[in-house]
Number of protein chains: 2
Amino acid sequence: MRHAGSSRLPEEAPDISRLSDSLEEAIHWLSRYGADSEGGVTRLLYTDSWQQAQAALAERMQQAGLEVYYDEVGNLYGRIEGAQPHLGTILTGSHIDTVRHGGKYDGAYGIAAGLTALLYLAQRYGKPRYNLEIVSFCEEEGSRFPLTYWGSGNVSGRYSPDRVPDIYDDAGLSLKEAMLAAGFCSQASRAWTVRREDLRAFIELHIEQGAVLEREGSSIGVVQGIVGQKRLTFEVIGEANHAGTTPMAWRRDALAGAAEMVGYMEKLAQSYGPPMVATVGSLTLTPNLANVIPGKVSFTLDARHSDGGELSSFCSEAAAGLGDLAARRGLILTSHEWMNAEPVMMDAELTGWVEDICTQRDWSRVRMFSGAGHDAQVMQSICPAALVFVPSRGGVSHSPDEYTSAEELAAGVSVLTDLLYGLAYDKEGAL
Amino acid sequence: MRHAGSSRLPEEAPDISRLSDSLEEAIHWLSRYGADSEGGVTRLLYTDSWQQAQAALAERMQQAGLEVYYDEVGNLYGRIEGAQPHLGTILTGSHIDTVRHGGKYDGAYGIAAGLTALLYLAQRYGKPRYNLEIVSFCEEEGSRFPLTYWGSGNVSGRYSPDRVPDIYDDAGLSLKEAMLAAGFCSQASRAWTVRREDLRAFIELHIEQGAVLEREGSSIGVVQGIVGQKRLTFEVIGEANHAGTTPMAWRRDALAGAAEMVGYMEKLAQSYGPPMVATVGSLTLTPNLANVIPGKVSFTLDARHSDGGELSSFCSEAAAGLGDLAARRGLILTSHEWMNAEPVMMDAELTGWVEDICTQRDWSRVRMFSGAGHDAQVMQSICPAALVFVPSRGGVSHSPDEYTSAEELAAGVSVLTDLLYGLAYDKEGAL
């Protein structure tokens, strides 16, 4: 590892108050696209509110002097060409889409902060050595289609606009149809390559979506890696029967069985200890009537751990335990794994660099794993990537109540500005 | 108690094969009204299929020589006037409405059997001493409006067409509007009194909707009483949070709490022993997403026991236990009781009479409590009432798979015929 960090910081610390004013205005401005009357924001992939947000961002970037372009799937870029463009590109940003009725910081913060940092650097230091770009990824949340990372997944080559998955939204529209309707991927579209080969680094700034930083009283989360994640759906089949005429001893109650399973998995996850987490977040009964013994219950398991081996071992143990519980009650249990993401380590050198910046600029920080998935983990497959967190009040996430104070947001953009300077402007540059 | 029973049986046993043919035809015929393509039957109160079924029944009864009339709420009667009409009326029947996608025996059997018995008796024995009537109650299931026993409830005076509850169906139509639209309760309607003052007995024949008779290998269920029933809705409030970023130790998971509660109530009901039954039949999560810790869970409790004291004691113990579980997890628990029906004992003399008939005619029988509610329990408040069960294959109920064999159906109608003879024809008559 090369000695990076402090030597590459600009001597002068970023002007926090200037960064903060500009950032606050940008977040507030962006939150108007897809805003609802209850303070929530909904920008689902390729919908009108999503299109309006991307178009408004494109206009704003253009007016600020960036070179603006979309790729075929709708990722939006703003570019400052470097003095030596052949050296490659330093990229920052996050995703523009939201969950339904989400908050105004998730994704948007990384875009607003990236734009703020780029414009600050360009104004203060002029043309960078490397190309410096901001990206507004089209999709990360999986809120409209059953798919996540459609934006960064195309940039990294995991997906391709030539092979659009055959998936549908709640209204029965396919991803391909929605993409075409929004004006992307048509033959007439400008032939930008979606997969990027020129990236030298990707930096994502994001709210934590958890309460670790708040509880630790720290400004910056230095993300070492992103936990592995498995998601499964279990189906428990018993026998629907009359709630009044079926004695307790004759029942094959799918809910009573599922309830025991939920308790079993909670205890098992606790026995593994942190950072193991396991959640039954969705559970559905059939027929779900007060006076009928439930005949069928479906429920999901979301299990995460920073260690892939521990995660697998948890899931195997859970499946065996659940099978025993089902057998004891005469229930039929089936399961289906529909997500299996290995843990991802972020780039160690970039991560060390973020820590150095915190030390030099006196930001309190915590090294941590992210329990949530982020575009940075996908980008890490094609270039060194870093993920930096700022606190989320109460750990609230995916809700209009999501909140991070102006000071906390400013600390993040200051770290990002220092990091981008070192990567794109410093004579060493990149990694 | 007077000596009833065997002395009142007609010397000649009912002609089972004649009864059976007629009954089978009637059940099959009635099941066409509201039939769906998957073998289910749906006749919700005052809907088109319901109106067609009542109109067809009215026509059939008229053609068979009965005097036919509706009351103001849509209960349909067929009457054979007695030789001494001032003595009062012996009534049999059940309800014409069904659950959504129900079976063809629930309710319909009691109507088809009543009509079969009436016509058989009239043909065989001519005019009865007492008036003999069949009723097709308009509503019992509570499937369209949140209300049960609207039919027998009006006949018994529990409800009245002057004070229609302000309740609505799923489409937002009120009970009053639906009733008017079906042509009932208008000023122009014939001024029959809904509440009956002339009833000397009510007999209801019904499928068991449980598996007791099948398991015991018995033909007839002699119902001593109907269990008391309480229904409550519990709401558990925790904290919705990110499934990946919230350590197990910091969670206030409403589903994990509710699951423990479901298990607690199951064990508690088992510890009370039969006939205690307790069911969580409906359970709903908010937000119900795989990657979000459930913030809120609502679930119902349906608890039944033949002894009102035991039932109350179970519910108190459950509420206390659930409160402790909630407190231990930092969850907020609220509850709302929305049904509280005391156990009802059927008329002891009539019940004894049914047993005598079984003995004389050599039908195997079981004395039992009904775990389900029936019109007979409502009618018992204004006249001696009896409820007689025949087996349900596998105990299946409220489903197109509901089934009772032709022999089993015939045994029931034979008992009903004997009973109606004794009540309406015998020189002693009634009770």
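The values are calculated or read from the model by the stated rules, or taken from the named source; none is laboratory data. In this text the structure is predicted, and so the values were computed from the model without any measurement. For neighbour counting, all protein chains shown are included, and Cβ atoms are generated from backbone atoms with ideal geometry for every residue, glycine included. For accessibility, only protein heavy atoms count, side chains too; no ligands or nucleic acids. Shrake-Rupley method; radii C 1.70, N 1.55, O 1.52, S 1.80 Å.
Overview of results
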| item | result |
| --- | --- |
| Of all residues making up the stretch B:64-78, the number that are within 24 Å of B:L409 (Cα to Cα) and over 21 Å from the mean Cα position of the chain (by Cα) | 2 |
| Qualifying residue in the stretch A:157-164 (condition: touching a Cys at 6+ places or on another chain (Cβ under 8 Å) and assigned to a helix (DSSP H, G or I)) | no |
| Of residues in the stretch A:198-212 being surrounded by fewer than 23 Cβ atoms within 10 Å (Cβ to Cβ) and closer than 15 Å to A:V135 by Cβ, the one farthest from the chain's Cα centre (by Cα) | A:D198 |
| Count of residues meeting criterion [farther than 12 Å from B:P294 by Cβ, in contact (Cβ under 8 Å) with a residue 60 or more places away in the chain and within 9 Å of another protein chain (Cβ to nearest Cβ)] in the stretch B:237-264 | 2 |
| Residue list for the stretch B:56-70, filter: among the small types (G, A, S) and in contact with a strand residue (DSSP E or B) (Cβ under 9 Å, 6 or more places away or on another chain) | B:A58, B:A64, B:G65 |
| For A:G74: the one exception among (1) open to solvent by 10 Å² or more (accessible area, probe 1.4 Å); (2) more than 30 Å from A:G394 (Cα to Cα) | (1) |
| Residue identified as part of a helix (DSSP H, G or I), touching a residue at least 12 places away in the same chain (Cβ under 8 Å) and of a type in the set (D, E, K, R) among A:E337, A:E349 | A:E349 |
| Candidate set: the stretch A:3-55, residues that are open to solvent by less than 40 Å² (accessible area, probe 1.4 Å), of a type in the set (A, V, I, L, M) and over 22 Å from the mean Cα position of the chain (by Cα); chosen: the one nearest to A:I207 (Cα to Cα) | A:L19 |
| Hey, B:G172 more than 9 Å from chain A (Cβ to nearest Cβ), at pLDDT below 95 and either surrounded by 23 or more Cβ atoms within 10 Å (Cβ to Cβ) or closer than 30 Å to B:K296 by Cβ (or both) or not | yes |
| Condition broken by A:F234, with the remaining ones in (1) within 9 Å of chain B (Cβ to nearest Cβ); (2) open to solvent by less than 10 Å² (accessible area, probe 1.4 Å); (3) at pLDDT 95 or above satisfied | (1) |
| Residue list for the stretch B:237-260, restricted to those being part of a helix (DSSP H, G or I) and surrounded by fewer than 24 Cβ atoms within 10 Å (Cβ to Cβ) | B:M248, B:A249, B:W250, B:E260 |
| Residue satisfying all of: in the stretch A:277-301; assigned to a loop (DSSP other than H, G, I, E, B) and within 7 Å of chain B (Cβ to nearest Cβ); most open to solvent (accessible area, probe 1.4 Å) among these | A:L289 |
| Hits in the stretch A:353-370 (condition: open to solvent by less than 10 Å² (accessible area, probe 1.4 Å) and within 14 Å of another protein chain (Cβ to nearest Cβ)) | A:S370 |
| Residue count, the stretch B:314-338 (criterion: out of contact with any helix residue (DSSP H, G or I) (no Cβ under 9 Å at 6 or more places or on another chain) and surrounded by 17 or more Cβ atoms within 10 Å (Cβ to Cβ)) | 1 |
| Boolean, A:V68 is within 30 Å of A:P165 (Cβ to Cβ) and either open to solvent by 60 Å² or more (accessible area, probe 1.4 Å) or at pLDDT 95 or above (or both) | yes |
| Candidate set from the stretch B:371-396 (those that are assigned to a loop (DSSP other than H, G, I, E, B) and open to solvent by less than 20 Å² (accessible area, probe 1.4 Å)); member that is farthest from the other protein chains (Cβ to nearest Cβ) | B:C383 |
| Residue satisfying all of: in the stretch A:265-275; more than 7 Å from chain B (Cβ to nearest Cβ) and of a type outside the set (S, T, N, Q); surrounded by the fewest Cβ atoms within 10 Å (Cβ to Cβ) among these | A:G273 |
| Among residues of the stretch A:213-227, those that are more than 8 Å from every other protein chain (Cβ to nearest Cβ), buried (at least 22 other Cβ atoms within 10 Å of the Cβ) and either touching a Gly at 6+ places or on another chain (Cβ under 6 Å) or part of a strand (DSSP E or B) (or both), counted | 6 |
